[in-house]
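The values are calculated or read from the model by the stated rules, or taken from the named source; none is laboratory data. Here the structure is a predicted model, which means the values were calculated and not measured. Glycine also receives a Cβ, built like all others from the backbone with ideal geometry; neighbour counts cover every protein chain displayed. Ligands, DNA and RNA are stripped out before the accessible areas are found, and what is left, the full protein with its side chains, is counted by its heavy atoms. Shrake-Rupley method; radii C 1.70, N 1.55, O 1.52, S 1.80 Å.
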Amino acid sequence: MPVTPAASPLKILHVASEMAPFIKTGGLADVAGALPAALARMGHDVKVAIPGYRKALAAAGKRGITWAAVPMTIEVGGIDHQVGIGTVVMAPGFTVHLLACNELFDRDGIYGPSPSQDYDDNARRFAVFCKAALALPGALGWAPHVVHGHDWQAGLVPALLERGYGNVLPATRSVFSIHNIAYQGQFWHWDMKLTGLDWSLFNPLFCEHYGKLNLLKTGIVFADRVTTVSRTYAGEIQQGEFAFGLESVIKGTAYKLSGITNGIDTQEWDPAKDPHLAKAFSAEDLSGKAACAAALRKDCGLVNAPGAALVSVVSRLVEQKGIDLIIDAVTPYILAGRMQLIVLGTGDYHLEQRLNQLQARHPGWVYVWYGYNEPLAHQVIGGSDIFLMPSRTEPCGLTQMYAMRYGTLPIVRFTGGLADTVKDVATGNGTGFTFGPVDLGHFSSVLDRALGLYAHFPGEWRDAQVQAMGQDNSWDRVAAEYAGLYRRICIPA
Ligand code: ADP
Ligand code: GLC
């Protein structure tokens, strides 16, 4: 077991399938960008391995990527892949390595040709990625104390490490984080041949789950420690309702599971210094927020509707996020002149169709922008009054924390990280609004309550805004928790 003196810096390798600012489809990218940065600020030596997707390499090109002279040769299922090592230095002690393999990653998509479609060769793509990530330390002459893998795309990392793959990192310990248990990386059993693991491990105790290769389960089973991204979610995923079939696996590994609630990048998301906003504002001086709202209404072609709250959504448009509840609930409030709605997102076709209809029925009151748009996300969150996140499940959720930091009060379902980060105004010193059961009645009622407070109690509204903006959700505190966890598995008690 590797021993590190309590105060000495740790060497940590993160393995993630996306990372801001190089490539992002959701919150995992935010975490994989911000957590390593925070660990490096604490003095640790941190590297991140991500796949060298076409878009990621283009982004890295603008940040002065350099290439190792010799690519790595990574064998998967009898085929050798040449994997180039691109390096971008982000900050002292914080380096990103883009693992480039043209035949697997030089494509427009990340996980598939569209958000709702996967590539047929994803098992191979991420097996090559995991093996390359574990070969990376050898190529760099750098031995990490801990390898920290994220989500199913990195699920093979703890398993290969534990089984001594390549025999290069015998003393390295592993941490595996579940960002969303709904996505498990399930493949047909023959893909076991691509993992580099012995066939004998294709059984229900290890890699198999109901006849399929399950890479999330594989990561969970083999890791030295498992984390998930909020305290409440760590409890929820031990129950059938939330675990998407993995509850018994989670219960069986509960002894090594902990929930660490994500933080947010408070530099990137700072209303006082946000270059995307029409005007800066802060908890002390909220006047700029009105200018942001006016600019947003104008940009989105919404009518000037005094008294109506500007209500927004920035989200992947999928069932998990409760978008259907929003579509079902808002019409009476729009017709009554109490709210306007802005939606920024991309995802399921049928949800997009229903949002199109909503927009067509309420011109000047509803605006929908499909696609991924970082500046617009800042403008929407900065300019609106209320942010909707009625997720059926939410491992952590970051956008509700961004919203609070911008004095935009979130309405969230009381689940996962939403329950851990938003306090209902009804309980005193609140920062938003929460509701329980996923049905139209409960959602409409919380929306009604929020719109009522907004319209009739400006003093209370402002107090809640100030309370929300004062929350400390910075990564520094969270990174210290991870560092503690890393040390516990590196130092004998
Ligand atoms: P999830 O990871 O489940 O999608 P999170 O709340 O953790 O949910 O993270 C979502 C991240 O993606 C946030 O940074 C949010 O601002 C961003 N995001 C989601 N949709 C869009 C979009 N259409 N345009 C820009 N950013 C988006
Ligand atoms: C996942 C979850 C989200 C979480 C994010 C970052 O995408 O759906 O709730 O905030 O990962 O951990």
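Which one of GLY196, GLY235, GLY240 is in the same structural domain as PRO36 (by TED's automatic domain parsing) and at positive phi?
Answer to the selection: GLY196.
Mind listing just one residue for me: the one in the stretch 418-453 that is among the β-branched types (Val, Ile, Thr) and part of a loop (DSSP other than H, G, I, E, B) and, of those, farthest from ALA403 (Cα to Cα)? Please lay out each step first, then the result.
Looking only at the stretch 418-453, we keep the residues that are among the β-branched types (Val, Ile, Thr), and these are 421-422, 425, 427, 431, 434, 438, 446.
Subsequent filtering for residues that are part of a loop (DSSP other than H, G, I, E, B) retains 422, 431, 438.
Values: VAL422: 11, THR431: 10, VAL438: 22 Å.
Among them, the one singled out is VAL438.
Limited to the stretch 390-409, what total is found for residues that are within 11 Å of ligand 1 (Cβ to nearest atom), open to solvent by less than 10 Å² (accessible area, probe 1.4 Å), outside any loop (DSSP other than H, G, I, E, B) and under 22 Å from ASP328 (Cβ atoms)?
2
Of all residues in the stretch 300-323 being part of a helix (DSSP H, G or I) and not aliphatic (A, V, I, L, M), which is surrounded by the most Cβ atoms within 10 Å (Cβ to Cβ)? Give the derivation first.
Of the stretch 300-323, the ones part of a helix (DSSP H, G or I) are 319-321, 323.
Add one more test, that the residue is not aliphatic (A, V, I, L, M), and what stays is 319-321.
Details: GLU319: 14, GLN320: 16, LYS321: 26.
Checked the stretch 300-323; the qualifying residue surrounded by the most Cβ atoms within 10 Å (Cβ to Cβ) is LYS321.
For GLY26, indicate whether it is within 16 Å of ligand 1 (Cβ to nearest atom), modelled with pLDDT of 95 or more and either touching a helix residue (DSSP H, G or I) at 6+ places or on another chain (Cβ under 7 Å) or open to solvent by less than 60 Å² (accessible area, probe 1.4 Å) (or both).
On the way: within 16 Å of ligand 1 (Cβ to nearest atom): yes; modelled with pLDDT of 95 or more: no; either touching a helix residue (DSSP H, G or I) at 6+ places or on another chain (Cβ under 7 Å) or open to solvent by less than 60 Å² (accessible area, probe 1.4 Å) (or both): yes.
No; evaluated as a whole, the condition is false for this residue.
Restricting to the stretch 110-136, name every residue that is assigned to a loop (DSSP other than H, G, I, E, B) and out of contact with any strand residue (DSSP E or B) (no Cβ under 8 Å at 6 or more places or on another chain). Can you show your working first?
Taking the stretch 110-136 and keeping what is assigned to a loop (DSSP other than H, G, I, E, B), we get 110-113, 115-116, 118-121.
Once the filter is applied, which keeps residues that are assigned to a loop (DSSP other than H, G, I, E, B) and out of contact with any strand residue (DSSP E or B) (no Cβ under 8 Å at 6 or more places or on another chain), the stretch 110-136 yields TYR111, GLY112, PRO113, ASP118, TYR119, ASP120, ASP121.
Applying the selection to the stretch 353-389, what residues are more than 16 Å from ligand 2 (Cβ to nearest atom), surrounded by 15 or more Cβ atoms within 10 Å (Cβ to Cβ) and part of a strand (DSSP E or B)?
VAL366, TYR367, VAL368, TRP369, ILE386
When you scan the stretch 23-44, how many residues do you find that are in contact with a Lys or Arg (Cβ under 9 Å, 6 or more places away or on another chain), within 16 Å of ligand 2 (Cβ to nearest atom) and part of a loop (DSSP other than H, G, I, E, B)?
Going through the stretch 23-44 one residue at a time, the tally reaches 2.
If you scan the stretch 186-218, which residues turn out to be open to solvent by less than 40 Å² (accessible area, probe 1.4 Å) and hydroxyl-bearing (Ser, Thr, Tyr)?
Listed by number, the residues that qualify are THR195, THR218.
With the requirement that a residue be surrounded by 21 or more Cβ atoms within 10 Å (Cβ to Cβ) and either free of Cβ contacts under 8 Å to residues at least 12 places away in the same chain or not aliphatic (A, V, I, L, M) (or both), what does the stretch 339-352 give you?
Result: GLN340, GLY345.
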